[in-house]
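The values are calculated or read from the model by the stated rules, or taken from the named source; none is laboratory data. Being a predicted model, the structure only gives us computed values, none of them experimental. A quick note on method: Cβ atoms are made from the backbone with ideal geometry, for glycine too, and the neighbour counts reach across all protein chains shown.
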Amino acid sequence: MMEELDYSAYGSKVYRTTLDNGLKVNLLPMPNYHKTYAILTTDFGSVDNTFVIDGREQTVPNGVAHFLEHKLFEKEDHDAFDLFGALGADANAFTSFTQTSYLFSTTAHLHESLDVLLDFVFAPYFTEKTVEKEKGIIGQEIQMYADSPENRLYMGTLGNLYPNDPIRIDIAGSEESIQRITPELLYKVHQTFYQPGNMNLFVAGNLVPEQIVEWVKQNQTLANWPVRPLPKHTFAPTDPKGQDVIAFNTLTMPVARPKAMIGLRGISDFEDGRDRLKFVQAVGLALEMLFDDTSENYLQMYNKEIIDDSFGFGLEIERGFHFATFGSETNRPEAFADAIIAILRQANEELEEEKDQFESIKRGQLGRLIGCLDSPEQIANRFSGNLFDQATIFDEIESLSQITFADLKAALTQLVNEKRLTAFFVLPENFS
C-alpha cells in the first residue's frame, strides 16, 4: 500500500511505502523533467563504532563505515562505476557521521540503473587482496586530510567540542585503525547495517511511482532477504551536558596566514523530529541575521580586518548531536575569537538590534529553499529520514514559513552557553 502526500500548493505529490523486507521508499514524480536522481541511505556512519545487535554489544575500528562505502563498488568481475557509466548514469557515494549514501542520476535506463544501485549496495564482495589494496588508498586519503589546514582546523574544533567522543575522529578513521579491518569484519558490518529495514531510498524526477515500486520489489524479491534483528545505535556524547568542552587549542602548520574557528556545542534533545527541524531553521535564521555579510557585525569585523571573504558559519545537526562553527582566515585570530564570542554572549540583544531584517532574511531563505524544487538532487539529498520525522522539502518550506522572531530568540537561548564555546587556531610557523 502506497501513502500519497499531496502538496497541492506546489503541484506535487510524494509517494511513500515500506516494502515487506523493511526498505522505506519515497518517490517524487517531477513531470517534464528529463533527469531522475536516486539516493539509497543506510543509518550507519562513522560514530557508530559501538552498537548492539541481537542483545550483544559490538565494537568495530574507526573508519569502517567509510571503508565499506569505498569497497562496495568493487565486485569480483566488475566495478559498479563501470556499469553506471555504460548506462550513461553518474554515480557517487559519501559517508557522514551517522549515515552512508549511494546515489546516481540519469536521463535514460532508469530501471537498469536502479538495479545496479540496489545490486551493488546489497551484494558485497570482499577479499584479503582487495581489502589490503584499499587500505593503501584510504591511508593516502587520511594523509591528505592530515596535510589540509582546513580539515585540521575543523577536526581540531570538533576535538575541542567532543574530546571523548568519536565525533572528534576523522570519518575515514586513522592509518592505524583501518589496519584492523578485514573482509570478515566488513561482511559482518554489512550484514548488520545494510539490512533493508535500516535503509531508505528516495527517487525524484522523471518517474512513475507504481513502476518504481514494482522494479524495487522485483529486485528485492530476487535478493531473498533473510530475517535478522536490526542493530541498536548506542552512540551518545559521553557528557550529555557538554561540560567536557576544551576551551582553546592551537596547531602549528606551514600555512601563509592563521586560520581560526569558534565552535559552539549544543546539548538540546528533541523527542519530536519536527521540533528538531524548527530549531535548526530558527538557528539558521538567527545566525544569518547576526553574521551574514550584510549584517552590522560582519561589516564591523571586516572593516577592522578581523575577518575576510573566507569567513563562514553554520549549524550541523545529526543523530545525537549538533554544533555551530564560525571560521575565517585572519591575521588577528585572538581578535576574531573575542569578536565572535562577544556577539554570541549577547546573541538575543544583538538579534533585537537586527529585528527589522528578520522578514527579509526569512523571505530570502524561503526563496532559496523554494529554488531547490527545481533540482531532483537537492530535493532528495535534503531528506533526512527519522532526524526530522520524515519531513520532505515541502514540509521544510511550510515549517520555515511559520517561524517567528520569538522562535529565533528561543532557539539561541537553547543553543548558546559560554561554557560550551571553544576556539581553535591553525597558526603559521614562527607566528607571533
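Could you look through the stretch 43-95, keep only residues that are farther than 18 Å from Gln195 by Cβ, touching a strand residue (DSSP E or B) at 6+ places or on another chain (Cβ under 8 Å) and among the charged types (D, E, K, R), and pick out the one that is surrounded by the fewest Cβ atoms within 10 Å (Cβ to Cβ)? Filtering the stretch 43-95 for residues that are farther than 18 Å from Gln195 by Cβ, touching a strand residue (DSSP E or B) at 6+ places or on another chain (Cβ under 8 Å) and among the charged types (D, E, K, R), the one surrounded by the fewest Cβ atoms within 10 Å (Cβ to Cβ) comes out as Glu57.
Residue under question is Ile212, and the condition is that it be within 23 Å of Ala260 (Cβ to Cβ), hydrophobic (A, V, I, L, M, F, W, C) and outside any strand (DSSP E or B); does it hold?
Details: within 23 Å of Ala260 (Cβ to Cβ): no; hydrophobic (A, V, I, L, M, F, W, C): yes; outside any strand (DSSP E or B): yes.
So Ile212 does not fit the description; no.
Comparison of Ser375, Ser384, Ser432, Ser401 shows that the only residue that is more than 30 Å from Asp43 (Cα to Cα) and of a type in the set (Gly, Ala, Ser) is Ser432. Considering the conditions (1) surrounded by fewer than 20 Cβ atoms within 10 Å (Cβ to Cβ); (2) within 21 Å of Phe405 (Cα to Cα); (3) touching a residue at least 40 places away in the same chain (Cβ under 8 Å); (4) within 19 Å of the chain's Cα centre (by Cα), Arg345 is excluded by exactly one of them, (4). Considering the stretch 39-86, the residues that are touching a helix residue (DSSP H, G or I) at 6+ places or on another chain (Cβ under 6 Å) and of a type in the set (Gly, Ala, Ser) include one that is farthest from Leu23 (Cα to Cα), namely Gly63. Among residues of the stretch 246-260 that are under 13 Å from Ala146 (Cα atoms), those with a Cβ under 6 angstrom from a residue that is in a loop (DSSP other than H, G, I, E, B), sequence gap 6+ or separate chain, pair up as Thr252/Glu429. Within the stretch 157-201, the set of residues being crowded, with 22+ Cβ neighbours inside 10 Å, of a type in the set (Gly, Ala, Ser) and either out of contact with any helix residue (DSSP H, G or I) (no Cβ under 6 Å at 6 or more places or on another chain) or closer than 30 Å to Arg16 by Cβ (or both) comprises just one member, Gly173.
Quick check on the stretch 275-291. Is at least one of its residues surrounded by 15 or more Cβ atoms within 10 Å (Cβ to Cβ), part of a strand (DSSP E or B), of a type in the set (D, E, K, R) and touching a helix residue (DSSP H, G or I) at 6+ places or on another chain (Cβ under 6 Å)? The answer is no, given that none of the residues of the stretch 275-291 is surrounded by 15 or more Cβ atoms within 10 Å (Cβ to Cβ), part of a strand (DSSP E or B), of a type in the set (D, E, K, R) and touching a helix residue (DSSP H, G or I) at 6+ places or on another chain (Cβ under 6 Å).
Which ranges mark the helices (runs of 4 or more DSSP H) fully within the stretch 77-178 that have 2 or more residues being of a type outside the set (A, V, I, L, M) and closer than 30 Å to Leu421 by Cβ?
Values: elements: 80-86, 110-122, 128-146, 149-161.
Per the criteria, 149-161.
Only one of the listed residues (Gly197, Gly205) is at negative phi and in contact (Cβ under 8 Å) with a residue 60 or more places away in the chain. That residue is Gly197. Going residue by residue through the stretch 317-331, is there one that turns out to be farther than 29 Å from Pro166 by Cβ and assigned by TED's automatic domain parsing to the domain that holds Ala260? Yes, the stretch 317-331 contains a residue that is farther than 29 Å from Pro166 by Cβ and assigned by TED's automatic domain parsing to the domain that holds Ala260. Contact map, the stretch 217-233: residues that are closer than 21 Å to Met2 by Cβ and surrounded by 12 or more Cβ atoms within 10 Å (Cβ to Cβ) paired with residues that are among the acidic types (Asp, Glu) and at pLDDT 85 or above, Cβ distance under 6 Å, separation 6+ or inter-chain. Pairs shown: Asn219/Asp115.
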